[in-house]
Amino acid sequence: MNSSVIGKFAENAVNFLFQHFRGGFDAFSAALGAVVKLLEDGLASIPFIAMLIILMAFALWRRGVVFSAFVGVALLAIHYMGLWAQTVSTLALVIAATFFSLVIGVPLGIWGARNKRVEVVLRSLLDFMQTMPAFVYLIPAVILFGLGRVPAVIATIVFAMPPVVRLTTLGIKQVREELLEAGRSFGSTDSQLLWKIQLPNALPSIMAGVNQTIMMALSMVVVASMIGAGGLGEYVLSGIQRLDIGIGFEGGLGVVLLAIVLDRLTESFGVKAKKAKPGARTAKTGPRAAART
């Protein structure tokens, strides 16, 4: 089956990038691969017992005793199934993809909230990124970056970034106009309005975007395993290839448990930020305090 003119254009564009910027892509791939490997080695160097205690203590602080006990049971179950090394690998990939998604996505969301033309362009681009099947991202990623964790991280970033961009834009646009007017009346610059009023009030929405980005990154682990990402996704893929229900179920259960732990922990930051009501605090202390540098 031959591709149409549109398909040929996409193919030629990727081939052009590969032929003319191969050195740049190789350098970027080496740098990103080193970051992911450093992160994975760092997590793997922490003994399981130490990681168990750290995460349970963190869960106790953020969510309480019940969730802390659940985290302990979940991690012990993963360890009992012999999937701790795969879980660490998956966690490193998710952390790396989420970090770069936030570094790129939050500034784009701020830009879109403050510029209507940029918002229109971003909305169309994000619609494209969210509706395009995830498997399609793997083709140019493999061509440009080869097999392994690097193309997996790149594809995951493209797939997982839209929520944080959308929710950052939404959160900033929903900041009450009277707070902005109060800040302007006391001489606040645009930068001061952003850091002192808009971002604190948009924090619950931004944290919801972070939560959704992490969940979407986790949903890519099985797809990314097809190009050598490793981790729990590779274990699930092995079960699919062998038609082994046991292996597939254990790998899937590991992904589910890890997803629940990360979801509840990141969600707690958004809930606490919402309860803090920074906008109410700003209004109570007065616009002069909000405008102060």
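The values are calculated or read from the model by the stated rules, or taken from the named source; none is laboratory data. Computed from a predicted structure; not experimentally measured. Counting neighbours? That spans all protein chains shown, and the Cβs are built from the backbone with ideal geometry, glycine included.
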* Provide a single number: the residues in the stretch 111-131 that are in contact (Cβ under 8 Å) with a residue 12 or more places away in the chain and in contact with a helix residue (DSSP H, G or I) (Cβ under 6 Å, 6 or more places away or on another chain). => 7
* Would you call Gly209 of a type in the set (Gly, Ala, Ser), touching a residue at least 60 places away in the same chain (Cβ under 8 Å), farther than 30 Å from Gln19 by Cα and crowded, with 18+ Cβ neighbours inside 10 Å? -> yes
* Structure fact -> Log entry, pairs with first residue in the stretch 28-51 being touching a residue at least 60 places away in the same chain (Cβ under 8 Å), second being assigned to a loop (DSSP other than H, G, I, E, B) and of a type outside the set (Phe, Trp, Tyr), beta carbons closer than 8 Å, six or more apart or on different chains, reads Ser29/Gly146; Gly33/Gly148
* **Criterion: in contact with a helix residue (DSSP H, G or I) (Cβ under 7 Å, 6 or more places away or on another chain) and crowded, with 21+ Cβ neighbours inside 10 Å - qualifying residue of Ala182, Ala134, Ala92** => Ala92
* Asked: Consider Gly148 against the criteria (1) closer than 25 Å to Gly251 by Cα; (2) modelled with pLDDT of 90 or more: it satisfies all of them except one. Which criterion is unmet?
  -> (2)
* **Search result, residues across the stretch 104-114 that are farther than 26 Å from Ile260 by Cβ and modelled with pLDDT of 90 or more** => Ile104, Pro107, Leu108, Gly109, Ile110, Trp111, Gly112, Ala113
* Asked: In the stretch 233-268, which residue that is of a type in the set (S, T, N, Q) and surrounded by fewer than 19 Cβ atoms within 10 Å (Cβ to Cβ) is farthest from Gly33 (Cα to Cα)?
  -> Gln241
* To do: Could you grab me the full set of residues in the stretch 178-204 that are of a type in the set (A, V, I, L, M, F, W, C) and either within 24 Å of Phe269 (Cα to Cα) or within 23 Å of the chain's Cα centre (by Cα) (or both)?
  => Leu179, Leu193, Leu194, Trp195, Ile197, Leu199, Ala202, Leu203
* Inspect all residues belonging to the stretch 57-77 and state whether any of them is of a type in the set (Lys, Arg) and touching a residue at least 40 places away in the same chain (Cβ under 8 Å). => yes
* Structure fact -> Those residues of the stretch 206-218 which are more than 15 Å from Val261 (Cβ to Cβ) and either of a type in the set (Gly, Ala, Ser) or outside any helix (DSSP H, G or I) (or both) amount to Ala208, Gly209
* To do: May I ask you to verify whether Gly230 is at pLDDT below 90, surrounded by 18 or more Cβ atoms within 10 Å (Cβ to Cβ) and either within 23 Å of Phe99 (Cβ to Cβ) or among the small types (Gly, Ala, Ser) (or both)?
  => yes
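Residue-wise test of (1) of a type in the set (Val, Ile, Thr); (2) in contact with a Lys or Arg (Cβ under 6 Å, 6 or more places away or on another chain); (3) modelled with pLDDT of 90 or more; (4) more than 23 Å from Thr213 (Cβ to Cβ).
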residue	(1), (2), (3), (4)
Ala50	no, no, yes, yes
Val66	yes, no, yes, yes
Val71	yes, no, yes, no
Ala85	no, no, yes, yes
Ala96	no, no, yes, no
Arg123	no, no, yes, no
* Among the residues of the stretch 9-26, is any of a type in the set (A, V, I, L, M), farther than 23 Å from Val136 by Cβ and exposed (fewer than 14 other Cβ atoms within 10 Å of the Cβ)? -> no
